[in-house]
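A.B. asks: What follows is a single structure, and I will ask about it in a moment.
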Amino acid sequence: MPVSRRGFLRIVGPERTAISGAFLAARGLEAHLAESQAQGQRARPLLPPGVDEIRISSNENPLGPGRVALDAILGKFPEADRYPFNSTPSETDLATAIAAKYRVKTENVVVGAGSQEILKNAMRAFVTPSRGLVTALPTFENCTAFAKKYQLPLTEVKVDSALRLDIEPMIAAAKGAGLVFFNNPNNPTATVHGATSVRAMVDRIRATSSDTIILIDEAYHDYVTDPSYETAVPLALSTPNVIVSRTFSKAYGMAGLRIGYAIGMAETVKKLAILKMPYNVSVLGIAAAMASLDDPQHIEEERRRNTEVRAFTVKALQDMGARPADSQGNFVFVDIGRPAKDFRDGCAKAGVMVGRDFPPFEKTHCRISIGTMEEMRKATEVFRSVLRGTGTGTGNAKNKDGEA
Ligand SMILES: Cc1ncc(COP(=O)(O)O)c(C=O)c1O
């Protein structure tokens, strides 16, 4: 059904309550959103007709953005013709809103097209042929992949026996490094370090290598339940050469909208601001992110939901003899005692997509993201039958630069 621009503006403007069912039916996603809102549910991912797939492979939020953010997106469509500096709110408004959340200035925040833009620009800004990258193995591979691609010096420190980042060797390797990438909680292991050890690590690296930048990636911050954990944002705001990166892709449910940010002392983060792509965040993303900052209740609910489903999943895995590591994220890294590929292929045959290989643990461990309770009830049944040795399939193994 063709819709005029004026008609569209009327639909998504102040009189949004008069949304036309026929219009939405013709629009696919909008219809889906409207229907789920009318039923008092949050939006679920759209799948091709006839495919009953459970995607628990990429650490996404299975419920998507909250209602307030969805409303903001719908209301912003008419301004999709504007550049992000020319819309209201603008990209600067978003940086200012994030800064206000932490009671700091806009210059303490750099917004990125997802936190991957922040990570990539940190590599560009701080890692050189003479000052390398120190990171963990396994960890989120964005920085590692950059170092490999451009043949920059790289030290990967294997996680310890509890699958936690091994701090001592990381501190030792940091001397003279350009950048230390410290992912807390760590993807894919989901383990976390408490505030005391993070602070001590920062102090010790600064004592021996004060020019080294320490980038603490807190993509999964909102999912942590370990009481020893605290965000390192206050540390970054008071310590030179420390940056925290955050994202709206996980608990905020906006992986497709691509909004992340760096926060730290103005002198430190301005090196990332210089490298920022022009107009890197979209008008719709800005609106959604700003609306969600005003809706902390939604993040609380999402944390509660994830904690409950994560506990269910961990117990189910333990009951079938698998050994999950402590999880502080929206995913579990589990020892299944066999190659991840075999398990993944078996699960894929039943429509359950689990994580890719994470060397050096690809022969024993698999990463499973936390879906909805309904999805995880079905998925754990599939896990049980695959681990019993009854499933085979075609699999979905991928390992691309920056892939979640
Ligand atoms: C630790 C970590 N950092 C950053 C990202 C990238 O997130 P974004 O969508 O903000 O680029 C991911 C994505 O999975 C991640 O696991």
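A.B. asks: What is the number of the single condition among (1) open to solvent by less than 60 Å² (accessible area, probe 1.4 Å); (2) outside any helix (DSSP H, G or I) that Leu317 does not meet?
C.D. replies: Here Leu317 meets the rest and fails (2).
A.B. asks: So which residues in the range 273-300 are part of a loop (DSSP other than H, G, I, E, B) and either open to solvent by less than 40 Å² (accessible area, probe 1.4 Å) or hydroxyl-bearing (Ser, Thr, Tyr) (or both), if there are any at all?
C.D. replies: Tyr279, Asn280, Val281, Ser282, Asp295
A.B. asks: Give the range 351-392 a look and list any residue that's assigned to a loop (DSSP other than H, G, I, E, B) and closer than 19 Å to Asn59 by Cα, or say none.
C.D. replies: Within the range 351-392, Gly351, Val354, Gly355, Arg356, Asp357, Phe358, Pro359, Phe361, Glu362, Ile370, Gly371, Thr372 meet the criteria.
A.B. asks: Checking Ala348 against (1) assigned to a loop (DSSP other than H, G, I, E, B); (2) more than 18 Å from the chain's Cα centre (by Cα), only one condition comes out false. Which one?
C.D. replies: Going through the list (1) assigned to a loop (DSSP other than H, G, I, E, B); (2) more than 18 Å from the chain's Cα centre (by Cα), Ala348 breaks only (1).
A.B. asks: I would also like to ask the following. Only residues that are within 14 Å of the ligand (Cβ to nearest atom) and of a type outside the set (A, V, I, L, M, F, W, C): list them for the range 277-291, please.
C.D. replies: Asn280, Ser282, Gly285
A.B. asks: Out of the residues in the range 114-137 that are away from the ligand (no atom under 13 Å from the Cβ) and of a type in the set (D, E, K, R), state the one that is surrounded by the fewest Cβ atoms within 10 Å (Cβ to Cβ).
C.D. replies: This residue is Arg124.
A.B. asks: For the range 138-152, name all the residues that are open to solvent by 50 Å² or more (accessible area, probe 1.4 Å) and either within 14 Å of the ligand (Cβ to nearest atom) or of a type outside the set (Lys, Arg) (or both).
C.D. replies: Tyr150, Gln151
A.B. asks: Residue check: is Val110 modelled with pLDDT of 90 or more, within 23 Å of the chain's Cα centre (by Cα) and open to solvent by less than 30 Å² (accessible area, probe 1.4 Å)?
C.D. replies: So Val110 fits the description; yes.
A.B. asks: Scan the range 248-300 residue by residue and report those that are touching a residue at least 40 places away in the same chain (Cβ under 8 Å), closer than 26 Å to Phe331 by Cβ and acidic (Asp, Glu).
C.D. replies: Once the filter is applied, which keeps residues that are touching a residue at least 40 places away in the same chain (Cβ under 8 Å), closer than 26 Å to Phe331 by Cβ and acidic (Asp, Glu), the range 248-300 yields only Asp295.
A.B. asks: For the range 83-94, which positions are open to solvent by 10 Å² or more (accessible area, probe 1.4 Å) and either modelled with pLDDT of 95 or more or assigned to a helix (DSSP H, G or I) (or both)?
C.D. replies: Listed by number, the residues that qualify are Glu91, Thr92, Asp93.
A.B. asks: Considering (1) more than 24 Å from Thr307 (Cβ to Cβ); (2) within 12 Å of the ligand (Cβ to nearest atom), say which one Asn186 fails and leave the rest.
C.D. replies: Asn186 satisfies all of (1) more than 24 Å from Thr307 (Cβ to Cβ); (2) within 12 Å of the ligand (Cβ to nearest atom) except (1).
A.B. asks: Moving to a separate point now. Considering only the range 233-272, state which residues are away from the ligand (no atom under 11 Å from the Cβ), out of contact with any helix residue (DSSP H, G or I) (no Cβ under 8 Å at 6 or more places or on another chain) and open to solvent by 10 Å² or more (accessible area, probe 1.4 Å).
C.D. replies: Matches in the range 233-272: Pro234, Ser238, Glu267.
A.B. asks: Has the range 163-183 got any residue that is under 15 Å from the mean Cα position of the chain (by Cα) and under 30 Å from His298 (Cβ atoms)?
C.D. replies: Yes, that holds for at least one residue.
The values are calculated or read from the model by the stated rules, or taken from the named source; none is laboratory data. These numbers come from a predicted model, not from an experiment. Every residue, glycine among them, receives a Cβ derived from its backbone with ideal geometry; neighbour counts consider all protein chains shown. To get the accessible areas, we keep the full protein, side chains included, count just its heavy atoms, and leave off ligands, DNA and RNA. Shrake-Rupley method; radii C 1.70, N 1.55, O 1.52, S 1.80 Å.
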